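Enquirer: Quick one: the structure is below, questions incoming.
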Amino acid sequence: QVQLMESGGGLVQPGGSLRLSCSASGRDFRLYAMGWYRQAPGKRRELVAKITGEGSINYVDSVKGRFTISRDNAKNTVYLQMNSLKPEDTAVYYCNVGIYTVNYWGQGTQVTVSS
């Protein structure tokens, strides 16, 4: 059974940093793309960053140069380093992995950027 568990969210001031972690279990994930999505109140869930099994990466334009996604296949873990955080980054952040036709999601972790 695939399970994803996020951690690392919290309250941070504008300009601050947070590192999110997503620990995956249930199978070997090294072949699959893993990503981070976020959903702010009243808005649709959007892709923030994705990393393939080969290490190819893409980001949504609004976080380029500020966020970095990485993965440790030995630990089945994907990370999101978030720097220079802005109030508009406030959202629930979700970890995702797509395996064939099934999308798996974590429970989400709240990130709040506020002074």
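Enquirer: Determine the gain in length on full extension of the stretch Ser23-Met5; use 0.36 nm per residue of separation and subtract their C-alpha separation, reporting nm with one decimal.
Expert: Taking Ser23 through Met5 to full extension adds about 6.0 nm, to one decimal.
Enquirer: Hey, any idea what the orientation-averaged projected area of the convex hull of segment 1-106's Cα atoms comes to, in nm²?
Expert: Dividing the Cα hull surface by four gives the mean projection, 6.6 nm².
Enquirer: Relative contact order for the chain: what is it in percent, counting Cα pairs under 8 Å that are at least 6 residues apart?
Expert: The normalised contact order for the chain reaches 36 percent.
Enquirer: Let me ask you something else. Need the list of lysines near Lys43 for cross-linking: C-alpha distance under 28 angstrom, and skip anything on the same chain fewer than eight residues off.
Expert: Filter leaves Lys64, Lys86.
Enquirer: To continue, here is another question. Students sometimes get this wrong: rank Glu54, Glu88 by accessible area, probe 1.4 Å, all chains present, largest first.
Expert: Glu54, Glu88
Enquirer: Then there is this: Under a Cβ-Cβ cut-off of 10 Å, what is the net charge of the residues other than Trp105 that fall near it, where Lys and Arg count +1 and Asp and Glu count -1?
Expert: Here the charged neighbours net out to 0.
Enquirer: When only the heavy atoms of the protein chains count and the probe is 1.4 Å, how do Arg44, Arg66 rank by accessible area, highest first?
Expert: Arg44, Arg66
Enquirer: Please report the net charge: other residues with Cβ closer than 10 Å to the Cβ of Val92, K and R +1, D and E -1.
Expert: +1
Enquirer: Just the number, please: carbon plus sulfur as a percent of the accessible area of the chain, 1.4 Å probe, no ligands or DNA/RNA counted.
Expert: Taking all protein chains in place, the chain shows 47 percent carbon and sulfur surface.
Enquirer: What whole-number value in Å² describes the accessible area per residue of segment 20-115 for a 1.4 Å probe?
Expert: 52
Enquirer: Continuing with the same structure: At Leu31 and Gln13, where each label point lies 7 Å from the Cα along Cα→Cβ, what is the point-to-point distance in nanometres?
Expert: The answer from the label model is 4.8 nm.
Enquirer: Then there is this: Using only protein heavy atoms and a 1.4 Å probe, report how much of Ser7 is accessible, in Å² to the nearest 10.
Expert: Surface open to solvent at Ser7 totals about 60 Å².
Enquirer: For Asp61, Asp72, give the ranking by accessible area with the largest first, probe 1.4 Å.
Expert: Result, largest first: Asp61, Asp72.
Enquirer: Whole angstrom only: what separates the Cα centroid of segment 58-115 from the Cα centroid of segment 1-17?
Expert: 8
Enquirer: Given the Cα-Cα distance of Arg66 and Gln39 and 0.36 nm per residue of separation, how much length would full extension add, in nm?
Expert: Working it through step by step, the gained length comes to 7.9 nm.
The values are calculated or read from the model by the stated rules, or taken from the named source; none is laboratory data. Remember, predicted model here, so these are calculated numbers, not experimental data. Neighbour counts are summed over all protein chains in view; Cβ atoms, including those assigned to glycine, are modelled from backbone coordinates with ideal geometry. Remember, those area values only see protein heavy atoms, side chains included, never the ligands or the DNA or RNA. Shrake-Rupley method; radii C 1.70, N 1.55, O 1.52, S 1.80 Å.
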